[in-house]
Amino acid sequence: MLSFQGMKTSTKQSAKKLWGGRFSQQTSSLVEQFTQSVSFDQRLARYDVAGSIAHAEMLRKIGLLSKAEAAKIISGLKAIGRDIATGTFVFREELEDVHMNIEAELTRRIGPAAQKLHTGRSRNDQVALDERLYLRDILAQVGTEVAAVQRALVDLATRNKALIMPGFTHLQHAMPVLVAHHLLAYVEMFERDKSRLADAAKRANVMPLGSAAMAGTGFALDRAFVARRLGFAGVTSNSMDSVADRDCLVEFLSCAAMLGMHLSRLAEDFVLWMSPEFGFIDIGDAFCTGSSIMPNKKNPDVLELLRGKCGRLYGNLIALLTVMKGLPMTYNRDMQEDKEPVFNSADTLLAALKTLAAMLRTVTFKPARLAAASDDAFLLATDWADYLVTHGVPFRRAHELVGKAVALSIGRKCRLTGLNAADLRAISGEFDPGVLGIRTAAQSVNAKKTVGSTNPRAVERELAKWAGLLAAQPGRRPGTK
Ligand code: ARG
């Protein structure tokens with residue numbers, strides 16, 4: 001059987017179990033199939049090899065392996081690592097998991113020296129180590145792809161920085177905003193996502209090996225040495241916690257769920273914008289799909305899937321939280337169920353982020369439609385109220401007066417700016433007809449003064465800030481795979 005990543009998995013039965021000493025019957029094939037994790041945890045193989053090499057080096061350092069034994073083990077592991085990298089290593093389901101597959105193959109290749117590798121180690125701390133090594137890579141990769149999406153958003157915003165659109169609350173016209181300001185709102189969300197991922201990485205970057213099954217070990221293992229070899233910031237402090245803890249995986253799934261929520265909101269805005277009713281954007285043909293029956297259709301399926309993938313990202317978080325809930329100390333086999341949700345969320349996010357970044361580069365805004373939608377004088381109602389405030393009317397009263405003007409224009413089926421000075425004076429003597437000078441969306445955005453507002457000069461500064469910040473960050477450049 002060929003499984004994912006081109007790795008091979010064989011289903012041949014009845015290998016000698018590495019834990020078989022106390023058993024007198026052969027394991028049922030049903031149990032082998034039910035309990036195996038190698039069909040999915042083989043994705044941890046290269047981390048398992050790296051962890052084992054560091055462990056062997058440490059065993060040599062403290063004298064539990066001879067120089068010759070350590071050399072044999074390490075070169076054997078490196079050869080296995082190469083086979084894993086090229087996809088030629090054959091994983092066997094009857095050997096249960098990635099750890100025992102690699103150890104059994106090492107034994108087959110180098111003989112008795114391999115039997116010393118597991119000294120002072122349990123699969124309980126081994127799997128915890130592998131998962132942290134994997135997670136460190138994934139957290140960095142996801143962060144890089146989030147930055148690529150941010151760059152694509154900043155570029156899109158910069159290309160369209162002169163455009164004004166209606167801003168919405170309750171999906172109703174609220175106030176004019178710059179398209180760039182709207183796009184930069186997502187850049188902010190994604191920045192918080194990156195910061196959460198980086199924060200999760202700090203807690204993942206602590207080394208659990210040396211906790212053994214759960215109580216630590218009587219061998220004087222040099223845990224700090226292993227941590228240094230593998231680039232960890234330090235070692236875990238409680239052996240029981242080390243093998244029982246899956247917090248860092250839950251944290252990743254939580255970051256992934258929140259990121260998915262942001263992606264789904266962006267997707268929904270773009271779906272709306274591409275509808276004929278909005279007509280604000282078009283998306284390149286290469287990033288849309290058609291209908292099998294309606295020849296006219298050009299559908300934003302990529303966006304809909306970005307929105308829909310959120311479901312599994314939430315589901316994966318709830319799955320692992322539920323697996324972990326109420327588990328007694330310390331390791332329990334339930335915890336094997338941690339891997340598939342984590343792999344799934346990682347794969348989902350990486351694919352979603354890469355596709356989104358590429359799709360954003362094909363988005364075009366339609367200036368005429370945006371101008372027509374922004375040419376709604378009701379979008380200026382708050383600016384009118386603010387004008388009255390600057391001319392001595394308390395805000396609540398100004399709100400009421402402009403509200404009456406809105407009602408009058410609705411009744412007359414005219415624009416708010418279609419009323420004249422006499423109409424306003426008729427509403428109240430306090431109604432300064434100077435408001436009639438506020439007639440365009442451009443005036444509205446230009447009048448904004450607060451930090452973080454949609455004022456074009458402020459947005460311009462933000463665009464420059466983000467371009468600089470994102471250029472300084474590591475990450476994939478546009479157009480690369
Ligand atoms: N495949 C196992 C897991 O992922 C590895 C640890 C198994 N430990 C044990 N004592 N059975 O959780």
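The numbers here are math on the coordinates, done by the rules we state, and not lab data. None of these values were measured; they are calculated from a predicted model. Cβ placement follows ideal geometry from the backbone for every residue including glycine, while neighbour counts extend to all protein chains displayed.
Of note:
- For the range 300-397, the direction-averaged projected area of the alpha-carbon convex hull comes to 13.0 nm².
- Modelled label reach - residue 366, point 7 Å along Cα→Cβ, the range 252-292 residues with backbone N closer than 12 Å: 273-283
- Residue 291 versus residue 215: modelled label distance in nm, points set 7 Å from Cα along the beta carbon direction: 6.9 nm
- Separation between Cα centres of the range 297-339 and the range 22-45, rounded to whole Å: 24 Å
- Based on Cα contacts under 8 Å between residues 6+ apart, the chain shows a relative contact order of 16 percent.
- Note on residue 453 and residue 318: with the Förster distance fixed at 41 Å, the Cβ-Cβ geometry gives a FRET efficiency of about 0.60.
- Cα→Cβ-extended label distance, 7 Å offset, between residue 67 and residue 228, nm: 2.0 nm
- Sequence-separation-based contact order of the range 371-481, relative, with Cα cut under 8 Å and 6+ spacing, percent: 23 percent
- Projected-area average for the chain over all orientations - Cα convex hull basis, square nanometres: 30.2 nm²
- Cα pair count fraction exceeding 23 Å, expressed as % - the range 109-197: 54 percent
- For the range 318-375, the spread of Cα coordinates along the three principal axes comes to 63, 24, 11 Å, biggest extent given first.
- Estimated D of the range 295-347 in µm² per second, where Rh is the Kirkwood radius over Cα pairs and Stokes-Einstein applies at 20 °C, 1.002 mPa s: 162 µm²/s
- Whole-Å semi-axes of the range 196-348's equivalent ellipsoid (Cα gyration tensor): 45, 16, 12
- Förster radius 25 Å - calculated FRET efficiency between residue 376 and residue 425, Cβ distance, rounded to 0.05: 0.55
- Relative to the Cα centre, the charge distribution of the chain, modelled as +1 at Lys and Arg Cβ and -1 at Asp and Glu Cβ, gives a dipole magnitude of about 1000 debye.
- Alpha carbon centroid spacing (whole Å) that separates the range 165-243 from the range 397-427: 53 Å
- Listed residue (172, 401, 444) projecting farthest to the positive dipole end of the chain, Cβ model: 444
- Theoretical FRET efficiency, 1/(1+(r/R0)^6), r = Cβ-Cβ of residue 162 and residue 199, R0 35 Å, to 0.05: 0.40
- Globularity index of the range 61-126 is 1.12 (Cα radius of gyration / 2.2 N^0.38 Å, N = number of residues).
- Principal-axis analysis of the Cα atoms of the chain puts helix 456-472 at an angle of about 20° to the longest axis.
- Rg over Rh [alpha-carbon atoms, Kirkwood Rh] for the range 388-481: 1.25
- Volume per residue for the range 193-252 equals 73 cubic angstrom (convex hull of Cα atoms).
- Seen against the Cα atoms of the chain and their longest principal axis, helix 123-159 is set at about 20 degrees.
- Descending semi-axes in whole angstrom, ellipsoid equivalent of the range 241-295, from the Cα gyration tensor: 39, 14, 8
- Segment residue 467..residue 277, full-extension length gain: 65.1 nm, with 0.36 nm per residue of separation and the alpha-carbon distance subtracted.
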